Amino acid sequence: MIRPLVALTLAALAALPAQAADRVVSLGGAVTEIVAALGEADRLVARDTTSSWPEAVTALPDVGYVRRLSAEGVLSVAPDLILAEEGAGPPEAVDLLKSAAIPFVVVPDGYDRDAVAAKIEAVAGALDVPEKGAALAAEVGRALDAAAAEAAEGPARRVLFVLSVQGGRLLASGRGTAADGIIRLAGGVNAVDAFEGYKPLTDEAVAQAAPEVILMMAREGAEDLAAEVLALPAVRTTPAAASGALVSMDGLYLLGFGPRTAQAVRDLSDALDRAGS
Amino acid sequence: MVALLHEVSGPAPHWDRTPRAWRLTVLLVLALAVMSAASLAVGAAGTSPWAVLADIMAGREVALADRVVLFEIRLPRLAMGALVGAALAVSGAVMQGLFRNPLADPGLVGVSAGAGLGAISAIVLGGLLPAGIAGALGYHLVPVAAFAGGWATTLVLYGIATRRGQTSVATMLLGGIALGALAGALSGILVYMADDAQLRDLTFWGLGSLAGATWTKLAAAAPLMILALVAAPMLGRGLNGLSLGEAAAAHVGIPVQRLKTVAILTVAGATGAAVAVSGGIGFVGIVVPHLLRLATGPDHRPLLVNAALLGAALLIGADMIARSLIAPAELPIGIVTAILGGPVFLWILLRRRGLLGF
């Protein structure tokens, strides 16, 4: 009996734009990080599977993978605002959520300094805390500029980002990817720039890319992966294998382009400097 | 065979299981009704259909969220699940009868491979379409492409297998394998071109889901599935005759060629529509008819009716599990049907080994 009452109240609230939302569903790892960095995490009632930081948000109900949302699942937490990264879907579910009169805000994506600031401002706007947003965007922007400037002083390593190793075949990141963006910010050079997006590389293409460092996402229980990857026939002939230079970092931290990006740039830049020497 | 004998020899002999099959029909109707009611009541949101019904009866305002959950999410999903389950199960039963092969499933006439290729093309290449077309279809692009792909593949296959007005079932089987391989290769090229997000979409499409069920989709897909559900029981006598072999069936007066044409086209239409709106839902088309044959014998007349009922009830049940097991998230339904269907099927097979109706 409570629930229809709650829903009715929420519908009434949604009709009043001046009222700030306090039952927010956050979809997308970086979006959730920004909500937390703005100090508004207590307004969250649910998150998606990719939202894994800060630790506290993992206690919230998980509405599933961000591109495969269940409309009823999202509605079941009675949200009054949905914050979603670009590409959240499927579109049928998004339409249903909109038909239930729940504001659905899409946060723009992007892989450079300005994109991070734009994301923060979009989230802060939707949460009705624009001043906090402007402050955080400025702070993160400054930190990123400083980190990038510092990173640019080091040697420009050729970095190969490997998304996955399936049957010995490397899935590498080309232009226009989050990996490409972070490598650039950290003062490195993407060793693969012949294509856009993530594609499998032939052994010869890996050798030709001649990466000095291999970059991967850290996975639990994958500590032995470094030795395994460096021993692959495709990788064995590269400078990276010669110096044993493989860096692995948490995927969301490295590729999320959220508020922690400046720190990620510093970490990556340090790791690249160390790895190549 | 049983049925034919039954028709010429009067009262059912003790080994005739057909009356039992018709009694099962009554049970299945009840099961489907119970499943449907449960399906409306179960879900991540706490919406109760009875409370909403009481509100409507009393003329009270129904909360918007409850209205959306019940009438825009659960109800179209229930209808879609029932139709897709029934269509897949009936199509499987018809194909097994037509090909006289226990392993036949609706995919044999090329529908699944063609629909898969259509769906992948739409997901990967959809962005290249002129804005006018893409805008008009919106997110119906994938289902429309899947249906077109499935239907086109069946027509090509039917054309290949039909010479001088005679359709060779064997040619169709082998041709289906060749076309399937070709469609698989073309899909492979597209998978290679796909970006990260599209790959995820492809994977999920292949696992099937009823989550995208909307009234619009239902209105587009339902006619073909309903057509097959109405037409299939009329094929029962013909398929019974066909189990004697094509020549024998023709001798007892069954219009074999017309039977094949009707069976293939209705199955292609129904399966194409089902796959287009729900993705790849495996196992229903094979398991449901076999379960029923094991339980009540091979007579196609009750079999085709019972398959529709059991298929519908099973898919509704599987969907309930899919959307409540990890709520508020949900599982792809193809995972549920395979995880439930595989072991059950194996168990029955082992228990009744040697008693298959083939």
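The values are calculated or read from the model by the stated rules, or taken from the named source; none is laboratory data. Remember, it's a predicted structure, so these values are computed and weren't measured experimentally. Backbone-built Cβ (ideal geometry, glycine too); neighbour counts: all protein chains shown.
Within 12 Å of another protein chain (Cβ to nearest Cβ) and at pLDDT 95 or above: is that true of residue A:6 in this structure?
Details: within 12 Å of another protein chain (Cβ to nearest Cβ): yes; at pLDDT 95 or above: no.
Spelling it out, it is not the case that residue A:6 is within 12 Å of another protein chain (Cβ to nearest Cβ) and at pLDDT 95 or above.
Could you list all residues from the range B:49-65 that are in a loop (DSSP other than H, G, I, E, B) and buried (at least 18 other Cβ atoms within 10 Å of the Cβ)? Break it down into steps so the answer makes sense when it comes.
Narrowing the range B:49-65 to residues in a loop (DSSP other than H, G, I, E, B): B:58-63.
Of everything in the range B:49-65, those that are in a loop (DSSP other than H, G, I, E, B) and buried (at least 18 other Cβ atoms within 10 Å of the Cβ) turn out to be B:62, B:63.
Grab the helices (runs of 4 or more DSSP H) fully contained in the range A:23-123, keeping just those with 1 or more residues being within 14 Å of chain B (Cβ to nearest Cβ) and under 23 Å from residue A:147 (Cα atoms).
Numbers: elements: A:29-37, A:71-75, A:91-99.
Counting at least 1 such residues, we get no helices (runs of 4 or more DSSP H) at all.
Which of the residues that make up the range B:276-334 are in a loop (DSSP other than H, G, I, E, B), touching a helix residue (DSSP H, G or I) at 6+ places or on another chain (Cβ under 7 Å) and within 14 Å of chain A (Cβ to nearest Cβ)?
B:279, B:327, B:328, B:329, B:330, B:331, B:332
Taking the stated definitions as given, is residue B:188 in a helix (DSSP H, G or I), farther than 18 Å from residue B:276 by Cβ and of a type outside the set (A, V, I, L, M)? Write out each step before concluding.
Details: in a helix (DSSP H, G or I): yes; farther than 18 Å from residue B:276 by Cβ: yes; of a type outside the set (A, V, I, L, M): yes.
Yes, satisfied.
Among B:68, B:84, which is within 13 Å of another protein chain (Cβ to nearest Cβ), of a type in the set (Val, Ile, Thr) and in a helix (DSSP H, G or I)? I'd like the intermediate steps shown before the answer.
On the way: B:84 fails: within 13 Å of another protein chain (Cβ to nearest Cβ).
Only one candidate passes the filter, namely B:68.
Would you check if there is a residue in the range A:59-67 being surrounded by 20 or more Cβ atoms within 10 Å (Cβ to Cβ) and out of contact with any Asp or Glu (no Cβ under 8 Å at 6 or more places or on another chain)?
no
State all residues of the range B:35-65 that are touching a Gly at 6+ places or on another chain (Cβ under 9 Å) and either within 13 Å of another protein chain (Cβ to nearest Cβ) or β-branched (Val, Ile, Thr) (or both); if no residue qualifies, say none.
B:39, B:43, B:44, B:45
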